Amino acid sequence: MPNNQDNLIKELVGTYGRERTSLLPILQGVISQKNFISDFDMTEIAKELDISAAQVYGTATFYSFLDTAARGKYVIRICKTITCDMHGRKEIIQTIENMLKIKVGETTQNKIFTLLETNCLGWCHKGPAMLINDQPYSELTPEKVHEIIAEYMNNNRR
Amino acid sequence: MATKEKSKTKNITIKIDGQDISVAEGSTILEVARKTNIHIPTLCYHDDLCVAGNCRVCVVEQIGARNLVASCATPAAEGMNILTNSGKVRLARKHIVELLLSEHNADCTKCYKNGNCELQNLASEMLTRDHLFLDLVADRHYSIDKFNPAIIKDDSRCIRCQRCVRTCEELQSVSALEVANKGAHMKISTFYEHPLFEVVCTNCGQCVNRCPTGALIERTYVDEVWDALYNPKKHVVVQTAPAVRIALGEALGMEPGKIVTGKMVAALKRIGFQSVLDTDFTADLTIIEEGHELLSRLKRALVDKDPKVALPMTTSCSPGWIKFIEHTFPEYLPNVSTCKSPQQMFGALAKTFYAQKRGLNPEDIVSVSVMPCTAKKYEADRPEMRSSGHKDVDFVLTTRELAIMIRQAGLDFESLPNEQYDSIMGVSSGAGVIFGSTGGVMEAALRTVYEVVTGKEIPFENLNITPVRGTEGEVRKASLKITGTLPDFNFLEGVELKCVVANSLVYAKRVMQEVRDGKADYHFIEIMACPGGCLGGGGQPIPTSPEIRAKRKAAIYQEDMGMTIRKSHENPEVTAIYKEFLGKPLGHKSHELLHTHYKARQRY
Amino acid sequence: MSELIQRVDLIFGEYSDQKYKVLEEALKRPNDDIIKDLLDSGLKGRGGAGFPTALKWKFTAEVPSDEKYVVCNADEGEPGTFKDREILSRVPRKVFSGMAICGKVIGSNKGLIYLRGEYKFMLPELLKELDTYHEHAKKLNHNFTIEIRLGSGAYICGEESALFESMEGKRGEPRNKPPYPTTSGFMGKPTVINNVETFVNVLMICRIGPVQFRKLGTTDSRGSKVFSVSGDTPKPGIYELELGMPLFQFVDEFGDGDTKAVQVGGASGFCVPRKKFKDTIIGFEGVPTGGSMMIFNSSRSMYNVLHNYLDFFEEESCGQCTPCRVGCQQLRKGIEAVKRGEKPVLYLEQLMKLAETMKITAKCGLGQSVANSFSSIVSNFKEEMIY
C-alpha cells in the first residue's frame, strides 16, 4: 500500500485521538481527503482504535456521507426531498446526467464526478438544491447547473 | 443502545393484569411478569445479553401512557398499572410479528430451524394465517454465506434482532458481526460483507446458540454421516466430547442437567456406529502431554534460564480460542500449548493406533465426532489436521445434530438402557470429564502434574480443586505452592504455581492484555472460548441461559465424582497406549500425531 | 405582512450593544433565578417535542455528577426546516450565550454543537465566531468551552439519544428511555440537549425578562417561533412569528391563493387540508411544529407528496426497531399497490391500523412520528390515493 495512505490515518488519529468518540471525525477526515473510505483505510482505523473492522464498517455505512464505495473527486448530491422535487429536481438531474454522461449513482470514467441523490439538504425555500462536496448550491435551473458543472470541469482541467 | 441492569435496592409495588406485585426497584416490567408467571413474548431479549429493546414484540400497555412500552427495557416504577394482554397490545404484537414475517423468508419446511424457531412459535401463537401485509422478500437481494465449514449465515431468515451482534461483542469481544447500513437496508454484516471464513470470526457459534431463527446455523453433516453409516465398506467410529453427555437430553425433551452418558452410547450403537468411543480418553492423554509440556517449559525457564521459552503457557483445547489468539494476539502463539485438542488427538489415533489394533485400513475408517462446539468443525478442516495421512476427523456433529439423528432413527431416547463405551479408546477418568467445564482442564492438569512432581496426591478433599473451578463472568486466579518435590523436579521446590482460568473470549482478551502489558506473572492459563466452557458451547442445545449452564456444570462435576478413576495418569488405556504405541510423553510419536502448530492471521 | 400576522424580532433581532453583555449579566445571577425565569416564561423546547426547558435544566442541575454536558442540537434534518442554519449564520453569538448560560445553571463546562454534515460549509465562519466567544468567556471568567461536532448525513441523529450515540462515534441508533438525558446523556453523563432556537430563546428571556416573553404567543405556546416556509408560496423563507396563530391566517399570508394543504412540522408532522385551516392552531395546543411549513396548492398530487415522505423515512429510519424499519416499507409499498389496483381500497384501512401501531410501538420519538404524515394524508386525501 502507498505510504501516504498510511500516513493519513495516522495523522487523523494524531489529531482526534484513539477513543471511540474519535471515529466519526476520523472517518470524516478520510472523506474530505479522498471522498470515500476504502477497506484498507477502515482496517487501519480499526487497528488504531482497537475495535473490529466490522464495527468501523457498520458505523460508516450508517451515514450517507461516509461513502464506502469509490467516488469521484467531486461528489454531487441532488436533494430529492419534496420541495426540491416540486421545483424541478428531475430537470436538474437530467441536465447533469447529460453533461457528465452518467446516471445517478455512477462516477465518470475519469473519476472526477460522482452523481448521487440525497435527502433534504435544508434549502427547501430555495429548491432545487445540491451539494458539490461540502458546497451547497440552491435555486438551481438547468442553465445555472450547467454553468456550475462546467466551471468545475474547467477548474479541474487547469 | 443497550443498558445494563441497575443495582436493586428498595421495593416498589406495581399492578400487572390486575395483580398487585411488590418487586425490587430497578426490575424491568418483563422481569416482574416472569416472576408472576405471566408470559410476555420476546425476540431480541436474551438472558445473557444487554437489553436492546428493538424488536418491540414485548410491548405492554401502561395505563395512562400514550404509547405502549417495551417491557424488556422499561423499569417498573411505583404505582404503574400494566396490561400485558389488552386488545391494543395484542393487535400491536400481531402487527409486529407480521411485519417481521413480511421481510422474512418464511419457507419453514426448507429451514434448518423448522420446529425450533422463536419466530415460528410466535407466528403460530398469533395465528398469522393470512398475512396482513405485503411480501417484501421478493424485492430483497438477500445473500447466504455458506462457504464456512462451521457456520452458515442466511440473511433471508434474519429478523435483525441483533442478538448475534451483542453476543459477538459482549460475550466474545470479537465483533465479527455488526449492524451495517440503515433504514430498509439495515442488515447484520461482517466487514464489507466478506464471507465469515475471511474475517475474524472464531466459529465459536455463540451467535448460533442465540439466533432466534434460522439466520445463523451450524453447517450440518448429518446426511454425510448417515451415508457413511450405510456404506458397508466403511468402519465408522464415533467419539463423544465430555460436555455432550450432560446436555444432549435437553435437545430430546429432557430437563437441563441430566447425565445421559449411557443412553447416548446406547443410541449411537443403535444408530449403527461400529465403535462408540470417548473423547475423554484423549482428554486424559492431553493432560499427560500438556502437563509434561508445562513441566518442560518450566524447567527450561527455571533451570536452563532459556530466555526464549514461552511462558505463561495457555491451553489449546478450545478451537474458538485458537482462532481468536491467531487473529488477536498472534505474537503470543508460541505460548499456546502445542497439544492438539482432544478431538484431533483422537482423530489422529483413530486412523493409526486404533486402525492397527483393529487391523483396519485407515482409508476405510470414517471418523466422526460429536461435539458441543461449532468451532470443532472448522478445526477438523484445518490443513494441519491430517497427521494420520488422512483427514483425521472426517465429520464433526454438534450435540444438536446428534439429537436430530436420534430422532431420525426413531429412538425413544429416554427409555434406552445405559450402555458402556467400546474399547479401545473408550476408557476415561473424571479428569477427562471435567474438560467440559471452565476450569476443568486446569483442575485435571493439576491433579496429574502435582502428583508427577511430588509423588503425592494433590491435597484437596476428594480431589476437588475448587479454587480453579471457574465461573462465568470472571477471570479466576489461583496459585499452588509446590513442596516436597521428587528429585527430578527439585527446581520446582517452593515455587508458587500461578494459574488463571477464563471463559468467554471477552475475558480471554482481558487475560491476554494483562500478559501483554506485563501485569501478570502466570505460569499456566486455561481459556475456553464459550461461557461456562464447553458446556456452554456453540453446538449445545438451544436455548441457553445462565441457569441452564449452571445445571450442566453441576452435572459435569457430579459425573466426575461418580467415576472410579479421577486422574488422567491413572487411566489404564492411557498407560497402555504409551507402552504399546506412543513411547513416552512428548516423544517422537506424540510429536508427530498429538502436537500441532498455529498460524498468525490478520486481525481485520 | 397583513395586520393579522405579527412579525417578531426576538430571535433575529440585533445583538446587544456590547458583545456577550447578556451573558455577562446572566452569569451574575443565581441559578435558581434563571430557572425561575425560564419557568415563568413558559418556554418549551423548539425542536418539536415541546418539553419545558426550565424543567429539563432543573433536573439536570439537580443530578450530582463530576461531568455534565450542554449539547446544542443543530442536526436540522426534518424536511422543510432550515431555520437553525439561518439562526446559526445570523446570530451565532446568541446561541453560544444561551449554551454558556445553561453551562452555568447546570454546572457544566463543556458545550457541544452537533451540526449536520449538510451544513459543513458553515464551519469556518462558526469557528471564527467561536474564537471570539472563547475570548469573552475567558474575560468573564466563565469556564465553559464549546466544540462543534459534525454529522455525516443521517436524519435520525436529530433524535437526542441517537445524537449522543453519534457523537460517541457509533451508529446513530436511539437508546431506550429511561434513562433520560438529564441523568444519562452524552457519554452517560447528565446532559441538557436543546434545539438551536431554544438556546436563543433562553438568551432573549434573560435579556427581556419572562414577562415580556410571555406576552408573545398563547397560554400553551409562549413566545415566538422561527418558521421555515416552503412549497407553493410566493414568499418562501424564514419568518419569526408568534406562536398560537390559526392556520388560515398563515395561509392567507403565505399561500398562493390556491392552497390545498399545509404540512406542518415536516415529513414527520401532520398534513392539514383546506377544510381544517380554520380550526387549526399552530402551536402545542394544536399542531406542534419544529418550524417546518410546507404549502401545497391544488396542482400537487398528495399521493406524490406522501410517497416522497415515505421514501425518505424508508431510507432515514435507523432500522433497529421493527415498526419503523418494516412499517415504513409497508406503507410505501402499500400505497403503491392500492394505486395500481393490486390491493383493494380497503387495504388502506389495514395500513391505517398499522400506522397506529407504528405510532405507539416504535422505540424513539421519531419512529413514533413517521406515520403521522401517512395517517393525515390518507384520511384527508383518500381519493388521491386511489385515482
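The values are calculated or read from the model by the stated rules, or taken from the named source; none is laboratory data. Owing to the predicted nature of the structure, the values given are computational and were not obtained by experimental measurement. Virtual Cβ from ideal backbone geometry, glycine too; neighbours counted across all protein chains shown.
Assorted remarks:
- A single entry from B:K509, B:K519 fulfils the requirement of being more than 26 Å from B:K553 (Cα to Cα) and among the basic types (K, R): B:K519.
- When the range B:177-197 is filtered for residues that are part of a loop (DSSP other than H, G, I, E, B) and either in contact (Cβ under 8 Å) with a residue 12 or more places away in the chain or not assigned by TED's automatic domain parsing to the domain that holds B:C211 (or both), the ones remaining, listed by number, are B:L177, B:M186, B:T190, B:P195.
- C:C318 meets the conditions (1) assigned to a helix (DSSP H, G or I); (2) at the interface with another protein chain (Cβ under 7 Å from one of its Cβ atoms); (3) among the hydrophobic types (A, V, I, L, M, F, W, C) in every case but one. The failed one is (1).
- Number of positions in the range A:13-34 that are within 10 Å of chain C (Cβ to nearest Cβ) and either touching a strand residue (DSSP E or B) at 6+ places or on another chain (Cβ under 8 Å) or hydroxyl-bearing (S, T, Y) (or both): 7
- Considering B:K579, B:K553, B:K599, B:K589, the condition of being in a helix (DSSP H, G or I), of a type in the set (K, R) and touching a residue at least 40 places away in the same chain (Cβ under 8 Å) is satisfied by B:K553 alone.
- Residue that is surrounded by the most Cβ atoms within 10 Å (Cβ to Cβ), among those in the range C:319-338 that are free of Cβ contacts under 8 Å to residues at least 12 places away in the same chain and of a type in the set (A, V, I, L, M, F, W, C): C:V326
- Exactly one residue out of C:L115, C:L126 is touching a Pro at 6+ places or on another chain (Cβ under 8 Å) and within 22 Å of A:I132 (Cβ to Cβ): that is C:L126.
- The set of residues in the range A:96-118 that are under 21 Å from C:E316 (Cα atoms) and in a loop (DSSP other than H, G, I, E, B) comprises A:V104, A:G105.
- Given (1) in contact (Cβ under 8 Å) with a residue 24 or more places away in the chain; (2) under 20 Å from B:R210 (Cβ atoms); (3) outside the structural domain of B:R166 (by TED's automatic domain parsing), number of the condition B:A33 does not satisfy: (2)
- Filter result for C:E165 (within 14 Å of chain A (Cβ to nearest Cβ), without any contact (Cβ under 8 Å) to a residue 40 or more places away in the chain and not in a strand (DSSP E or B)): yes
- Leading residue by the ranking (farthest from C:P79 (Cα to Cα)) among those in the range A:76-134 that are within 7 Å of chain C (Cβ to nearest Cβ) and acidic (D, E): A:D134
- Taking the criterion of being under 14 Å from A:C124 (Cα atoms) and in contact with an Asp or Glu (Cβ under 7 Å, 6 or more places away or on another chain), the residues of the range C:280-307 that qualify are C:S292, C:I295, C:F296.
- Qualifying residue in the range B:209-221 (condition: hydroxyl-bearing (S, T, Y), more than 7 Å from every other protein chain (Cβ to nearest Cβ) and more than 24 Å from B:C108 (Cβ to Cβ)): no
- Filter result for C:E316 (in contact (Cβ under 8 Å) with a residue 40 or more places away in the chain and either over 27 Å from C:G47 (Cβ atoms) or not polar (S, T, N, Q) (or both)): yes
- Any hit, the range B:581-602, residues being more than 14 Å from chain A (Cβ to nearest Cβ), within 18 Å of B:C373 (Cα to Cα) and either of a type in the set (V, I, T) or surrounded by fewer than 20 Cβ atoms within 10 Å (Cβ to Cβ) (or both): no
- Counting residues in the range C:179-187 that are small (G, A, S), more than 7 Å from every other protein chain (Cβ to nearest Cβ), under 20 Å from the mean Cα position of the chain (by Cα) and not in a helix (DSSP H, G or I) gives one or more.
- Listed here are the helices (runs of 4 or more DSSP H) enclosed by the range B:291-368 that have at least 2 residues being over 29 Å from the mean Cα position of the chain (by Cα): B:355-358.
- In the range C:225-296, counting only strands (runs of 3 or more DSSP E) that sit wholly within it, none holds 3 or more residues that are surrounded by fewer than 19 Cβ atoms within 10 Å (Cβ to Cβ).
- Residue match in the range C:329-347 (condition: within 26 Å of C:L163 (Cα to Cα), modelled with pLDDT of 95 or more and within 14 Å of chain B (Cβ to nearest Cβ)): yes
- Residue pairs meeting the criteria (Cβ under 8 Å; at least 6 apart or on separate chains; first within 18 Å of B:I21 (Cβ to Cβ) and within 8 Å of chain C (Cβ to nearest Cβ), in the range B:57-81; second part of a loop (DSSP other than H, G, I, E, B) and not acidic (D, E)): B:T74/C:N176; B:T74/C:P178; B:P75/B:K6; B:P75/B:G26; B:P75/B:S27; B:P75/C:P178
- Counting residues in the range A:57-71 that are facing chain C (nearest Cβ under 9 Å), among the β-branched types (V, I, T) and assigned to a loop (DSSP other than H, G, I, E, B) gives one or more.
- Close pairs (7 angstrom Cβ cut-off, 6 or more residues apart or separate chains): on the phi < 0 side of the Ramachandran plot and more than 10 Å from chain A (Cβ to nearest Cβ) in the range C:69-81, in a loop (DSSP other than H, G, I, E, B) and surrounded by fewer than 24 Cβ atoms within 10 Å (Cβ to Cβ) anywhere: C:Y69/C:K189
- The lone criterion from (1) surrounded by fewer than 20 Cβ atoms within 10 Å (Cβ to Cβ); (2) within 14 Å of chain A (Cβ to nearest Cβ); (3) not hydrophobic (A, V, I, L, M, F, W, C) left unmet by C:R214 is number (2).
- Residues in the range C:103-125 that are within 14 Å of chain A (Cβ to nearest Cβ), in a helix (DSSP H, G or I) and not hydrophobic (A, V, I, L, M, F, W, C): C:G117, C:E118, C:Y119, C:K120, C:P124, C:E125.
- Count of the range C:58-83 residues which are out of contact with any Cys (no Cβ under 6 Å at 6 or more places or on another chain), under 21 Å from C:N143 (Cβ atoms) and not in a helix (DSSP H, G or I): 9
- Selection status of B:T167, in a helix (DSSP H, G or I) and either buried (at least 24 other Cβ atoms within 10 Å of the Cβ) or within 17 Å of the chain's Cα centre (by Cα) (or both): yes
- Filter pass, C:V305 being more than 9 Å from every other protein chain (Cβ to nearest Cβ) and of a type in the set (V, I, T): no
- Count of residues meeting criterion [in contact with a strand residue (DSSP E or B) (Cβ under 8 Å, 6 or more places away or on another chain) and either among the hydroxyl-bearing types (S, T, Y) or surrounded by fewer than 17 Cβ atoms within 10 Å (Cβ to Cβ) (or both)] in the range B:521-545: 2
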